[in-house]
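Asker: Here it is: the structure, laid out below.
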Amino acid sequence: MGNKHLAALAAAFGVLLAVPASAATFGELAEWCAPEDAGGRPGLCAGYLETYLAGPASTDASLNDGVPESADRATIRALVQAFARNHPESLPGPGAAGLGQALKGRYPCA
């Protein structure tokens, strides 16, 4: 397989990985972040959180939203679950918006 084919394959794989996370609703994120024995999908949850928390955890002040890189992911998952439970109206909205609301006021700048 030539370099062109490998590059195209890598690009296609990257798009396939990114589309579900970017298209996820907050309800889907809440389901993914549920405990595994309750049907949660820890890999999807972790991937989504790492993708969307990378900017907020950045040391670049223009990107930093206040969530420290060292923030405990179990705590964030619990915040997502609690917000989803207490605000069912947020479930059909974008995952990133619900995540932002769930974290609002919990970290220095969130």
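Asker: Return the residues of region 72-99 that are over 12 Å from LEU29 (Cα atoms) and polar (S, T, N, Q); say none if nothing qualifies.
Answerer: THR75, ASN86
Asker: If I filter region 79-110 down to residues being over 13 Å from the mean Cα position of the chain (by Cα) and of a type in the set (A, V, I, L, M, F, W, C), which single residue comes out as farthest from PRO35 (Cα to Cα)?
Answerer: CYS109
Asker: Having 3 or more residues that are among the charged types (D, E, K, R) and at pLDDT 80 or above is the bar; report the helices (runs of 4 or more DSSP H) wholly within region 11-110 that clear it.
Answerer: 73-86
The values are calculated or read from the model by the stated rules, or taken from the named source; none is laboratory data. Remember, predicted model here, so these are calculated numbers, not experimental data.
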